[in-house]
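Below: the structure, in structure tokens.
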Amino acid sequence: MRIARLSGVASAECRGAAVAIGNFDGVHRGHRVLIARAAEEATRLGRPAGVLTFEPHPREYFAANAPAFRLTNFRAKAMSLCGTGIDVMAVAPFGRPMAEMSATEFVGEGLVRRLGVAHVVVGYDFAFGHKRAGNVAMLKAMGAERGFGVTVVEPVREGEEVFSSTRIRDALWQGAPRRAADLLGHDWEVHGRVIKGDQRGRTIGFPTANVALGGYIEPQFGVYAVRIGWDEGGTTVWHDGVANLGRRPTFNKSDVMLEVNVFDFAGDLYGRHTQVRFIDFIRAERKFDGLDALKAQIAADAAQARRVLGTNG
């Protein structure tokens, strides 16, 4: 999959594509239906299949001081899209110029001049242009005028459950990673580099790989059964573990950190780029009276995580 940043007119490999348009935060099961429809249209037309997405996420521009909310950062989103059969991921920079672009300009400048789209696929509630003035009816009319097709996908659901990024965020806030995984179609994961922490874990027998959440949503604070992966010679290797996500009230910390105790591993992960998959919630974060109580609880948490993950040891 090629990644093309749309600072100007798209290169020849991107032009004339059938594209699904959206933020694709999480690349969940609903998103994958849109993407599959774009791939079908691309095959029918003999054109490349693509997605058009925006970085940063528009919400980060309009609510810059709001709490972090993203399910996927750019790297994670690109990796997830790689497995969908898409030929090109077109990335439009979202800032003031795009925020102030009219609906007509978005179509004429963005879709027609820059991308030269052959077909676009959008969700039923897609809105575009300054103050979200454009809707799917307008897009269809403009497509007919400008020579590209438009497919509108109705809500994608399982029973009464609609697949949406909002529902996934709600599940994570409630400490329900398994529910989030059902909606995503895969385990929710955080991508980030291992950074130096207080190195207190190794002194109590539970060394941790510390990963800052960055712009990711903060799920319910607490202890999780996780799997952590990193690259080894071009292949991602995975290990089971137990992680604490939160502010570490026992040590009077205020910053949020993801601390992963990797089972049966004694190597050095500092500086490594990792993927941490949240498998199940074990307990909420709480403050302990001292190190002995904390160590006993961590041992119990690790044993519970091993049971959940089926890890021997």
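Worth pointing out:
- Computed on the Cα atoms alone, the convex hull of the stretch 109-194 gives a volume of 176 cubic angstrom per residue.
- Amide H contacts of Ile3 (H built 1.01 Å from N, in plane; Pro and chain starts excluded): Met89 sit under 5 Å, all sequence-distant by 5 or more or on other chains.
- In this calculation the C-beta distance from Arg146 to Ala99 is compared with R0 = 30 Å, giving a FRET efficiency of 0.85.
- The stretch 205-292 - Debye-derived log10 I(q)/I(0), Cα point model, q = 0.12, 0.18, 0.20, 0.23 Å⁻¹: -0.37, -0.82, -1.00, -1.27
- Within straight-line cross-link reach of Lys253, lysines at Cα separation under 18 Å, skipping those fewer than 8 residues along the same chain: Lys196, Lys287, Lys295
- Protection-proxy order for peptides 218-229, 262-273, 147-158, each taking the mean of Cβ atoms within 10 Å per residue, highest first: 218-229, 147-158, 262-273
- Modelled FRET efficiency - R0 51 Å, Tyr124 with Ala299, Cβ distances, 0.05 increments: 0.55
- This model, with +1 at the C-beta of Lys and Arg and -1 at the C-beta of Asp and Glu, gives the chain a dipole about its Cα centre of some 320 debye.
- Modelled spin-label separation between Ala68 and Thr166, with each label point placed 7 Å from Cα along the Cα-to-Cβ direction: 2.4 nm.
- Arg283 long-range amide H proximity, modeled H, under 5 Å: Val223
- A Förster distance of 35 Å, applied to the separation of the beta-carbon atoms of Glu60 and Arg286, puts the FRET efficiency at 0.65.
- Relative contact order for the chain, counting Cα pairs under 8 Å that sit 6 or more residues apart, in percent: 16
- Summing charges over all other residues whose Cβ lies under 12 Å from the Cβ of Val256, with Lys and Arg as +1 and Asp and Glu as -1, gives -1.
- Taking the charge dipole of the stretch 187-309 about its Cα centre, with +1 at Lys and Arg Cβ atoms and -1 at Asp and Glu Cβ atoms, the residue from Ala209, Gln275, Trp188 reaching farthest to the positive side is Ala209.
- For the stretch 109-254, share of DSSP beta bridges that run antiparallel, in % to the nearest 5: 75
- Extension reserve of the Glu109-Glu154 stretch, reckoned as 0.36 nm per residue once the Cα distance is removed: 13.5 nm
- Look at where the Cα atoms of the stretch 217-240 and of the stretch 153-181 average out, and the two centres are 21 Å apart.
- Computed packing ranks the peptides 101-111, 118-128 as 118-128, 101-111, most packed first, by mean other Cβ atoms within 10 Å.
- Long-range HN-HN contacts of Ala92 with modeled amide H, under 5 Å: Leu6, Thr53, Phe54, Glu55
- Modelled label positions at Asp268 and Thr43, each set 7 Å beyond Cα in the direction of Cβ, lie 5.0 nm from each other.
- Within the straight-line cut-off of under 13 Å between alpha carbons, the aspartates and glutamates reachable from Lys77 are Asp25, Glu55, Glu189, sequence neighbours fewer than 8 places apart in one chain being disregarded.
- Candidate aspartates and glutamates for bridging to Lys131, where Cα separation is under 12 Å - those fewer than 8 sequence places away on the same chain excluded: Glu100
- The calculated P(r) of the chain, using every Cα pair and 20 Å bins from 0, goes 30, 50, 19, 1 in percent.
- Ranked by how many other beta carbons lie within 10 Å on average, peptides 237-243, 63-69, 75-81 from highest: 237-243, 75-81, 63-69
- Reducing the stretch 258-277 and the stretch 36-110 to their Cα centroids gives an inter-centroid distance of 31 Å.
- The Cα-based radius of gyration and maximum Cα-Cα distance (Dmax) for the stretch 2-158 are 14.5, 44 Å.
Bear in mind that the values in this text are calculations on the coordinates, not laboratory data. Just so we're clear, the structure is a prediction, and the values are computed from it rather than from any experiment. All Cβ positions, glycine included, derive from the backbone under ideal geometry; neighbour counts span all protein chains shown.
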